[in-house]
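Peer 1: A single structure is presented below for examination.
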Amino acid sequence: MKLRRSVIIPCILAIYLAVMAWIGYPEMAAGNTSPLYYWGIIAITLVILVLLHFNLRRRERYRDARRNNNGK
C-alpha cells in the first residue's frame, strides 16, 4: 500500500497545525489572544487542508489517467 501525496502532505501540515496550536494555547488561555481569533485560525487552516487534499487527489487522478493513456 503506497501512501500518496494527497494524504502525506495534509497529514504533515495537520501535525504542524496541532503543534502550533498547542504552543499558542497558553497565550490564548492567558487572555492575550482572542479565543475567536485562535479557534478561527485553526478552523480556516483545517478547511484549507481539506481543500488541499482534494486538489492533490484530483491532480493525481489526472496524472494517472495521462500515464495510462500514454502507455497504451
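Peer 1: Note the listed values (1) 5.2; (2) 5.6; (3) 4.8, then indicate which one is mean projected area of the Cα convex hull in nm² calculated from this particular structure.
Peer 2: (2)
Peer 1: Rounded to the nearest 0.05, what FRET efficiency is calculated for Met28 and Lys2 with R0 set to 30 Å and r the Cβ-Cβ distance? Don't skip to the answer; put the middle values down first.
Peer 2: On the way: r = 39 Å, r/R0 = 1.30.
The computed FRET efficiency comes out at 0.15.
Peer 1: Could you give the length gained on full extension between Tyr16 and Arg61, defined as 0.36 nm per residue of separation minus the Cα-Cα distance, in nm? Mind dumping the intermediate values first?
Peer 2: Details: separation 45, 0.36 × 45 = 16.20 nm, distance 2.66 nm.
That works out to 13.5 nm of additional length.
Peer 1: For Trp39, Trp22, write out the residues from largest to smallest accessible area, computed with a 1.4 angstrom probe and no ligands counted.
Peer 2: Numbers: Trp39 135, Trp22 195 Å².
So, going from the largest accessible area down, we get Trp22, Trp39.
Peer 1: If you fit an axis through the alpha-carbon atoms of helix 35-71 and take the longest principal axis of the Cα set of the chain, what angle between them do you get, 0 to 90°, nearest 10?
Peer 2: Once rounded, one gets 10 degrees.
Peer 1: Any idea what the relative contact order of the chain is, in percent, if you count C-alpha pairs under 8 Å spaced at least 6 apart? Please report the intermediate quantities before stating the final value.
Peer 2: Values: 23 pairs, mean separation 35.3, N = 72.
Relative contact order here is 49 percent.
Peer 1: With angles folded into 0 to 90 degrees, how steeply does helix 5-29 sit against the dominant principal axis of the chain? Use alpha carbons for both and round to 10.
Peer 2: 0 degrees
Peer 1: Can you give the helix-only mean residue ellipticity at 222 nm for the chain, where every DSSP H stretch with n ≥ 4 adds -39500 (n - 2.57) and the sum goes over all residues, rounded to the nearest 500 deg cm²/dmol?
Peer 2: On the way: 2 runs with 62 residues, N = 72.
Value at 222 nm, helices only, nearest 500: -31000 deg cm²/dmol.
The values are calculated or read from the model by the stated rules, or taken from the named source; none is laboratory data. Only a predicted model underlies this, so the values are computations on that prediction, with no experimental measurement involved. Note: ideal-geometry Cβ built from the backbone for every residue, glycine included; neighbour counts use all protein chains shown. Protein only, heavy atoms only, side chains kept; ligands, DNA and RNA dropped before computing areas. Shrake-Rupley method; radii C 1.70, N 1.55, O 1.52, S 1.80 Å.
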